[in-house]
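Have a look at the structure below before the remarks.
The values are calculated or read from the model by the stated rules, or taken from the named source; none is laboratory data. Keep in mind that what you see is a predicted model, and the values were worked out from it rather than measured. Using ideal geometry, Cβ is built from the backbone for each residue, glycine included, and neighbour counts are taken over all protein chains shown. Surface accessibility is based on the protein's heavy atoms, side chains included, excluding ligands, DNA and RNA. Shrake-Rupley method; radii C 1.70, N 1.55, O 1.52, S 1.80 Å.
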Amino acid sequence: DAGVTQSPTHLIKTRGQHVTLRCSPISGHKSVSWYQQVLGQGPQFIFQYYEKEERGRGNFPDRFSARQFPNYSSELNVNALLLGDSALYLCASSSEINYGYTFGSGTRLTVV
Amino acid sequence: RKEVEQDPGPFNVPEGATVAFNCTYSNSASQSFFWYRQDCRKEPKLLMSVYSSGNEDGRFTAQLNRASQYISLLIRDSKLSDSATYLCVVTPGAGYALNFGKGTSLLVTP
């Protein structure tokens, strides 16, 4: 069985641009969460979705948005990119809204 | 004050040594506790859950002190392959977001 898959693996964008990151959860998993990890820090919670509804939001600006599709895959969108948005973006899935999370290998975003 | 605090290290230890990591958390309502391991430029992976009575998994022992809001991880007989960053994770309970510490870096040397 495939684990949590994220695309793209690496991305370089310019300040002010928009980016869309994608995540496919483990088959059968209905909950998807997004985390941002900047260098030297632990992952920080951005969003949690369950059954296509937002169930939690971290302390991130409105430039960050996300959604979950009927097949439980998810997208994270970031508008008006700043240099400080450069980070590893991690997606985690779980079977129900519980804490058995499995992380994908992440998307490394560099904003120049 | 950060919700989860860890000593970032690095901890440099020889093979075979015993090493302990500590973590404190600020939210007394926290219900679930974990240690994750993260290798360089990889995703975090669950190492073990932490239970009130303490728990052991091979060379790894985790303990929780709710009164002091303190979690620990003990690694015995360190292996080179234990070199990684160890992340302390706290959550209010099932279905809530994971709150990560900054991580403690461990380097085990020959």
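Below, the figures for the structure above:
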item: Number of positions in region B:56-70 that are among the aliphatic types (A, V, I, L, M) and either within 14 Å of chain A (Cβ to nearest Cβ) or open to solvent by 60 Å² or more (accessible area, probe 1.4 Å) (or both); result: 1
item: A:Gly42, sole failed condition from (1) within 14 Å of chain B (Cβ to nearest Cβ); (2) part of a strand (DSSP E or B); (3) buried (at least 21 other Cβ atoms within 10 Å of the Cβ); (4) not basic (Lys, Arg); result: (2)
item: Of the criteria (1) facing chain B (nearest Cβ under 8 Å); (2) closer than 15 Å to A:Thr20 by Cβ, which one A:Leu76 fails; result: (1)
item: Residues of region A:7-58 satisfying the condition of being of a type in the set (S, T, N, Q) and closer than 26 Å to B:Gly93 by Cα; result: A:Ser24, A:Ser27, A:Ser31, A:Ser33, A:Gln36, A:Gln37, A:Gln41, A:Gln44, A:Gln48
item: Candidates B:Ser78, B:Ser49, B:Ser30 - the one that is in a loop (DSSP other than H, G, I, E, B), closer than 24 Å to A:Ser93 by Cα and open to solvent by less than 40 Å² (accessible area, probe 1.4 Å); result: B:Ser30
item: Single match in A:Arg55, A:Arg108 (criterion: out of contact with any helix residue (DSSP H, G or I) (no Cβ under 6 Å at 6 or more places or on another chain) and open to solvent by 60 Å² or more (accessible area, probe 1.4 Å)); result: A:Arg55
item: Top-ranked residue in region B:75-108 [being in contact (Cβ under 8 Å) with a residue 60 or more places away in the chain and in contact with a helix residue (DSSP H, G or I) (Cβ under 8 Å, 6 or more places away or on another chain); ranked as farthest from the other protein chains (Cβ to nearest Cβ)]; result: B:Val108
item: Pairs, first within 20 Å of B:Leu80 (Cβ to Cβ) and away from chain A (no Cβ under 11 Å) in region B:39-55, second among the small types (Gly, Ala, Ser) and part of a loop (DSSP other than H, G, I, E, B), C-beta under 8 Å, six or more apart; result: none
item: Filtered residue count, region B:8-20, keeping only those that are within 17 Å of A:Gly40 (Cα to Cα) and open to solvent by less than 50 Å² (accessible area, probe 1.4 Å); result: 1
item: Residues satisfying the stated conditions in region A:67-84, i.e. open to solvent by less than 20 Å² (accessible area, probe 1.4 Å) and either in contact with a His (Cβ under 8 Å, 6 or more places away or on another chain) or hydrophobic (A, V, I, L, M, F, W, C) (or both); result: A:Leu76, A:Val78, A:Leu81
item: Yes/no for A:Ile26 being open to solvent by 10 Å² or more (accessible area, probe 1.4 Å), hydrophobic (A, V, I, L, M, F, W, C) and more than 8 Å from every other protein chain (Cβ to nearest Cβ); result: yes
